[in-house]
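In what follows, a structure is listed as structure tokens, so that the remarks can point back to it.
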Amino acid sequence: MKEKRNYLIAGLVCAFAFMAVGYSALAQQLTIRGTANVTSTWNIGITSITKTATNGTATELAEPTHDATSATFSVDLKSPGDYIIYDVTIANQGSIPAVLSSITLNPNVPATSGIKYTVTGVTAGDKLAASTGTHTVQVKVEWVSTDTTVPEVTTQRLTATLNYSQDTSA
């Protein structure tokens, strides 16, 4: 009887050892570690504003100014046909390629009399290469040359918003 008990105890110990080995073979703790760094930069902005043409007696009331996201100029138009044209340079100084997704102008319809703004040089979909890409936007402010009287509205503001987004096709 004692011998049976020893075999039973030995059998239980072996069964327990077998189960422990089986469990450890079927249960593993896995550890996955990682580190990620973003080293890209998004840096699109206005780098210069330059008066490129003047017609008639148009004058600047103040020197044009700009920061990274806005350009400002102030013009005095004295007679029909007067205008000043500015080149506004936009540069991609970041490491992510960009595309001009939309342009919003306010006023959005060119005037047929009085003060008229014309914005040219870029269109939606134009790409701006990373680090080296530039766009030059021409802004012409003029007193419509066909006017024969002083317009009722003698001050007109322009807001041109250029929305750039990441160029995912690059």
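If you go through region 75-89 one residue at a time, do you hit one that is open to solvent by less than 40 Å² (accessible area, probe 1.4 Å), assigned to a loop (DSSP other than H, G, I, E, B) and among the hydrophobic types (A, V, I, L, M, F, W, C)? The answer is yes, given that some residue of region 75-89 is open to solvent by less than 40 Å² (accessible area, probe 1.4 Å), assigned to a loop (DSSP other than H, G, I, E, B) and among the hydrophobic types (A, V, I, L, M, F, W, C). Would you say Leu158 is more than 29 Å from Gly81 (Cβ to Cβ) and not acidic (Asp, Glu)? Here the answer is no, as Leu158 does not meet what is asked. Restricting attention to region 56-74, which residues are among the polar types (S, T, N, Q) and not in a strand (DSSP E or B)? Scanning region 56-74 gives Thr57, Thr69, Ser70. Count of region 120-170 residues, restricted to those that are out of contact with any Gly (no Cβ under 9 Å at 6 or more places or on another chain), of a type in the set (Asp, Glu) and either open to solvent by 60 Å² or more (accessible area, probe 1.4 Å) or not in a loop (DSSP other than H, G, I, E, B) (or both), is 0. Residue check: Ser40 meets all listed conditions (1) open to solvent by 30 Å² or more (accessible area, probe 1.4 Å); (2) assigned to a strand (DSSP E or B) but one, namely (2).
On inspection, Ser74 does not qualify as among the small types (Gly, Ala, Ser) and over 15 Å from Ala58 (Cβ atoms).
Within region 130-156, residues that are farther than 18 Å from Phe73 by Cβ sit with their Cβ atoms under 9 Å from residues that are at pLDDT below 90 and loosely packed, with under 10 Cβ neighbours inside 10 Å, at 6+ positions apart or across chains, in these pairs: Val144/Thr112; Thr146/Thr112. Which ones in region 86-101 are more than 13 Å from Thr72 (Cα to Cα), of a type in the set (A, V, I, L, M, F, W, C) and more than 10 Å from the chain's Cα centre (by Cα)? Ile90, Ala91, listed by residue number. Of all the numbered requirements in (1) open to solvent by 40 Å² or more (accessible area, probe 1.4 Å); (2) within 22 Å of Pro151 (Cβ to Cβ); (3) part of a strand (DSSP E or B); (4) not charged (D, E, K, R), Pro110 misses one, and that requirement is (3).
Kindly indicate whether Ala71 is modelled with pLDDT under 95 and crowded, with 17+ Cβ neighbours inside 10 Å. Here the answer is yes, as Ala71 does meet what is asked. Evaluating Ile96 against the criteria (1) part of a loop (DSSP other than H, G, I, E, B); (2) open to solvent by 60 Å² or more (accessible area, probe 1.4 Å); (3) in contact (Cβ under 8 Å) with a residue 60 or more places away in the chain leaves one unmet condition, (2). Evaluation of Asn6 against the conditions (1) of a type outside the set (Lys, Arg); (2) part of a helix (DSSP H, G or I); (3) within 30 Å of Asn92 (Cβ to Cβ) shows that the sole unmet condition is (3).
When each of Thr104, Thr154 is tested for being of a type in the set (Ser, Thr, Tyr) and modelled with pLDDT under 90, the lone residue that passes is Thr154.
The values are calculated or read from the model by the stated rules, or taken from the named source; none is laboratory data. Here the structure is a predicted model, which is why all the values come from computation and not from measurement. No Cβ is skipped: glycine too gets one built from the backbone with ideal geometry, and neighbour counts run over all protein chains shown. To get the accessible areas, we keep the full protein, side chains included, count just its heavy atoms, and leave off ligands, DNA and RNA. Shrake-Rupley method; radii C 1.70, N 1.55, O 1.52, S 1.80 Å.
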